[in-house]
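Just so you know, all these numbers are worked out from the coordinates, no wet-lab data involved. In this text the structure is predicted, and so the values were computed from the model without any measurement. Cβ: placed from backbone, ideal geometry, glycine included. Neighbour counts: every protein chain shown.
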Amino acid sequence: MSANSTDSQEGPVPNGEVIRTGLLKKMKTARKKFFVLRAEAPDALARLEYYDSEKKYKNGVPAKRCIALKTCFDINKRQDTKHKNVIALYTKDDCFCIVLDNEEEMKSWLKDMLTLQHGAEIPEGEIPKPKFEYVWELKMCARGLGVGRTGTYRFCLTAKTITLVKLDQTMPTSIEISLASVRSCGNIKDFFFLEVGRSSNLGAGEIWFEAGDTTIASNLQDTVSHRFKLVREKLESAAAEGTDNVDSKGRTRSSSATEPNKNNNKKLGPLASLGALFPQDGATPESNVTSTVTNSTTSMTGME
């Protein structure tokens, strides 16, 4: 169910025009609530509200929660859950998700939310887009490049970069990694790792994360590997058009006949070091690694 502002004037409109209403499901509780999307007003920011029922909304009962859209870190379609058509609002402290009945309804709500969030920042005629198309909340492990940087991060992916934003800080710190500097990535159980080259802001090494769920770790692997392969293909295409070879920062470099062999040996390094993360119980967890040099995905069972 959804309605535009014209059909929603029976309810109280104290602060801001009602853009859209609907009986939608909160993903956390799997219960339906009555949601109201309001435009900005002189005394209030554009926001998403929800009530226990439409009746309580019309009777003027205060909203159970209000989320100011302009203060959200990001608003996007979440794709790593068992539910389809999920909109995620990443606030300063949490991730609030609502489940829509179908894709068309999800797109309509998301478009309106992004329009209200960005306002005049959206160029005329352009469709509003999230700041980050994908966001995952992960825990960085104390191994490899993660030593001294542990904590909960928002792992944010765009077409060109990965941005790691550390939470639970007065002034959030962020690390930006070019996808061109990613050499491989993989997942095992509910862990995900990146192997980055010397051109990354952190230098060469591995970054390990705990996703807390095997589905999320697998989704990370599929999504990130697809993105950095596209970046690598563009670099290779640029090299073929006139540059001898292009490294991850766009600089010309010489090729080495032994380079693919070097990378293939390194590719097994992260998996071979998993003993510290998992108990030696004789299990043979399934793992998955994608390398940029071989441009292929290798599934492995067991560890050396």
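Would you work out the relative contact order for region 181-242, in percent, from Cα pairs under 8 angstrom that are 6 or more residues apart? Display every interim value, and only then the final one.
Working: 85 pairs, mean separation 18.0, N = 62.
After rounding, I find 29 percent.
Using the Cα atoms of region 3-121, I'd like the radius of gyration and the largest Cα-Cα distance, Dmax, both in angstrom.
That works out to 13.4, 40 Å for Rg and Dmax.
Round to a whole angstrom and tell me the spacing of the C-alpha centers of region 143-170 and region 177-202.
Answer, in whole Å: 12.
Sort Thr173, Thr29 so the one with the fewest other Cβ atoms within 10 Å of its own Cβ comes first. Provide the component values of the computation, followed by the final result.
Details: Thr173 12, Thr29 8.
Ascending number of Cβ neighbours within 10 Å: Thr29, Thr173.
Simple spin-label model, 7 Å along Cα-to-Cβ: Ile122 to Glu17 in nm?
Each label point is offset 7 Å from its Cα along the Cβ direction, giving 1.4 nm.
Strictly over 21 Å apart at the Cα level, which of Lys56/Lys92; Lys77/Lys189; Lys32/Lys56 would you flag in this model? Working shown, then result.
Values: Lys56/Lys92 28 Å; Lys77/Lys189 24 Å; Lys32/Lys56 14 Å.
The pairs that break the limit, which is 21 Å between Cα atoms, are Lys56/Lys92; Lys77/Lys189.
Would you grab the residues whose amide H sits under 5 Å from the one on Gly146? Only those 5+ places off in sequence or on another chain, please, with H modelled 1.01 Å from N.
Trp208
Pairs to check: Lys111/Lys166; Lys33/Lys139; Lys139/Lys234. Give those whose C-alpha atoms are more than 29 Å from each other in this structure. Don't jump to the answer; show the numbers that get you there.
Numbers: Lys111/Lys166 27 Å; Lys33/Lys139 31 Å; Lys139/Lys234 31 Å.
Going by Cα-Cα distance, Lys33/Lys139; Lys139/Lys234 fall outside the 29 Å limit.
For Leu37, what charge total do you get from the other residues with a beta carbon under 9 Å from its beta carbon, if Lys and Arg give +1 and Asp and Glu give -1? Show your work: numbers first, answer last.
Working: positive: Arg20, Arg38, Arg47; negative: Glu49, Asp112.
Net charge in that neighbourhood comes out at +1.
Sort 92-103, 200-211 for me by packing, meaning the mean count of neighbouring Cβ atoms within 10 Å per residue, highest on top.
In descending order of packing, they fall as 200-211, 92-103.
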